[in-house]
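Heads up: the structure comes next, in structure tokens.
The values are calculated or read from the model by the stated rules, or taken from the named source; none is laboratory data. Here the structure is a predicted model, which is why all the values come from computation and not from measurement. Virtual Cβ from ideal backbone geometry, glycine too; neighbours counted across all protein chains shown. Side chains are part of the model used for accessible areas, which takes the heavy atoms of the whole protein and leaves out ligands, DNA and RNA. Shrake-Rupley method; radii C 1.70, N 1.55, O 1.52, S 1.80 Å.
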Amino acid sequence: LTKGKPIRCKAAIAREAGQPLLIEEVIVAPPKAHEVRIKILCTSLCYSDITFWKLKDPPGCFPRILGHEAVGIVESVGEEVNEVEAGDFVIPVFIADCGECKDCKSSESNLCSKFPFTVSPWMPREESSRFTDLKGETLFHFLFVSSFSQYTVVDIAHLTKLDHSIPPNRACLLSCGVSTGIGAAWRAANVQPGSSVAIFGLGAIGLAVAEGARLCGATKIIGVDVNPEKIVIGKKFGVTDFINPNSCEDKSVSQVINEMTNGGADYCFECVGMASLVQEAYASCRKGWGKTIMLGVDRPDSQLSLNSVDVLCSGKTLVGSLFGGLKAKSDIPILAKRYMDKEVRLDDFVTHEMKFDEINKAFKLLLDGNCLRCVMWM
Ligand code: CXF
Ligand code: ZN
């Protein structure tokens, strides 16, 4: 039995920014109070792993165990954990759902205020790590998950229990990107039947927004992307109309969308992470009731510029969201059930599956834009 003892296992360590990950043996400490040690079954790659792998600043976050889109089995629990037990099937999520604070109790928010979201290299309750390498050096955590390891320790506030019916190579998608996109349409925007939607950026997140919009009954789903190959993949995910900004001639994308929708789309989603595209999305949504939802992550110092009189006269809403506005503990089980009921489609997001050891190959696939989701088996 491993309970209460350190576990030695394989992990992929990011030792330096932008350098290939190294598969090494690591030591995973037992869970402290409110913590759970889990055996990862599957982990997939999300673009945020790449963003933070590339990032040289802030310095001091390497060596690090990246990975935050995963599913696993509870190996052991620390004191005060009653919600899950050894053997349970669990999904870790980068935002907390403590269930007790004003935000978690409100149906209007998914931004826990007991454990506010930060990009911290530690566990959420204290500045400490549960990982060391075989030389005794501390390895940093990532987004409170660190799933590029056969075992990891996650705070109970960041874990959602699921029943075992959903296969692990599908369940892991619900841990970040696909949930974020579906959630943005379903929770952050609350897309209404018969409405029009414009999606800026048809990567995995944008395509998941399309899936969410379809599930909500949107009838016009406009995809905007500079890559013409996205027409085919977009159609598969319910995109009804396609705009390539490079072939709009003298018109702006927002002009084209305003004409196509007779006054602007009901909902616009920015899924690239470019401040200038947020402005274009905002200009593309309908006066009076149009809603623009931000999902993409731009550089921390980027600024939005909107004309104040335009905003004043617009009646539009601009809203930012993390994890698509989903409340992890209540909403992920709903998405899992809807997948099992063949309503939510997850299969088409999985373009590649491989062994965890091949993680550097997975990085290259996503970096080169050749994959939506690459699922790795531990
Ligand atoms: C992101 C959300 C925005 C900040 C960085 C991490 N989450 C997951 O990919
Ligand atoms: Zn992610």
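Observations on the structure shown:
Okay, residues lined up against (1) under 29 Å from Val145 (Cβ atoms); (2) open to solvent by 20 Å² or more (accessible area, probe 1.4 Å):
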residue	(1), (2)
Asp266	no, yes
Leu277	yes, yes
Glu280	no, yes
Lys287	no, yes
Ser305	no, yes
Cys313	no, yes
Leu335	yes, no
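- Failed item, numbered, when Tyr339 is tested on (1) touching a Cys at 6+ places or on another chain (Cβ under 7 Å); (2) under 17 Å from Ala210 (Cβ atoms): (1)
- Listed by position, the helices (runs of 4 or more DSSP H) contained in the stretch 177-245 that have at least 2 residues being open to solvent by 10 Å² or more (accessible area, probe 1.4 Å) and on the phi < 0 side of the Ramachandran plot are 204-215, 230-236.
- Whichever residue in the stretch 25-48 is out of contact with any Gly (no Cβ under 6 Å at 6 or more places or on another chain) and of a type in the set (D, E, K, R) and, among such residues, is farthest from ligand 2 (Cβ to nearest atom): Glu25
- Against the numbered list (1) more than 22 Å from Val178 (Cβ to Cβ); (2) open to solvent by 60 Å² or more (accessible area, probe 1.4 Å); (3) within 14 Å of ligand 1 (Cβ to nearest atom), Cys61 comes up short only at (2).
- Of Leu139, Leu207, Leu174, Leu159, all but one fail to be in contact with a Lys or Arg (Cβ under 9 Å, 6 or more places away or on another chain), farther than 26 Å from Ala29 by Cα and of a type outside the set (Gly, Ala, Ser); the exception is Leu207.
- Test: Phe117 is open to solvent by less than 20 Å² (accessible area, probe 1.4 Å), touching a Leu at 6+ places or on another chain (Cβ under 9 Å) and within 16 Å of ligand 2 (Cβ to nearest atom): no
- Each residue in the stretch 25-40 was checked for being more than 14 Å from Thr152 (Cβ to Cβ) and either assigned to a loop (DSSP other than H, G, I, E, B) or open to solvent by less than 50 Å² (accessible area, probe 1.4 Å) (or both), and 2 of them qualify.
- Some residue of the stretch 15-22 being within 16 Å of ligand 2 (Cβ to nearest atom) and open to solvent by 10 Å² or more (accessible area, probe 1.4 Å): no
This table checks each residue for (1) under 26 Å from Gly136 (Cα atoms); (2) at pLDDT 95 or above.
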position	(1), (2)
Val28	yes, yes
Leu45	no, yes
Lys54	yes, no
Phe62	yes, yes
Gly67	yes, yes
Ile73	no, yes
Cys101	no, yes
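- Leu174 vs. criteria away from ligand 1 (no atom under 16 Å from the Cβ), under 15 Å from the mean Cα position of the chain (by Cα) and open to solvent by less than 10 Å² (accessible area, probe 1.4 Å): no
- Scanning the stretch 41-98 for residues being touching a residue at least 12 places away in the same chain (Cβ under 8 Å) and part of a loop (DSSP other than H, G, I, E, B) gives a total of 27.
- Flag for Lys3 being surrounded by fewer than 15 Cβ atoms within 10 Å (Cβ to Cβ), among the basic types (Lys, Arg), assigned to a loop (DSSP other than H, G, I, E, B) and in contact (Cβ under 8 Å) with a residue 60 or more places away in the chain: yes
- Exclusive hit being more than 14 Å from ligand 1 (Cβ to nearest atom), within 28 Å of Gly296 (Cβ to Cβ), in contact with a helix residue (DSSP H, G or I) (Cβ under 7 Å, 6 or more places away or on another chain) and not charged (D, E, K, R), set Thr160, Thr180: Thr160
Conditions tested, residue by residue: (1) open to solvent by less than 20 Å² (accessible area, probe 1.4 Å); (2) more than 23 Å from Ile205 (Cα to Cα); (3) of a type in the set (D, E, K, R).
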{"position": "Ala96", "(1), (2), (3)": "yes, no, no"}
{"position": "Pro124", "(1), (2), (3)": "no, yes, no"}
{"position": "Gly136", "(1), (2), (3)": "no, yes, no"}
{"position": "Phe140", "(1), (2), (3)": "no, yes, no"}
{"position": "Val145", "(1), (2), (3)": "yes, no, no"}
{"position": "Asn169", "(1), (2), (3)": "no, no, no"}
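- Of all residues in the stretch 306-330 being in contact with a strand residue (DSSP E or B) (Cβ under 6 Å, 6 or more places away or on another chain) and of a type outside the set (Gly, Ala, Ser), the one that is nearest to Ala204 (Cα to Cα): Val319
- Positions within the stretch 337-377 being farther than 24 Å from Glu229 by Cα and open to solvent by 50 Å² or more (accessible area, probe 1.4 Å), in sequence order: Lys337, Arg338, Met340, Asp341, Lys342, Glu343, Lys355, Asp357, Glu358, Asn360, Trp377
- Top-ranked residue of the stretch 64-91 - restricted to ones that are more than 18 Å from the chain's Cα centre (by Cα) and either within 16 Å of ligand 2 (Cβ to nearest atom) or polar (S, T, N, Q) (or both), ranked as surrounded by the fewest Cβ atoms within 10 Å (Cβ to Cβ): Asn82
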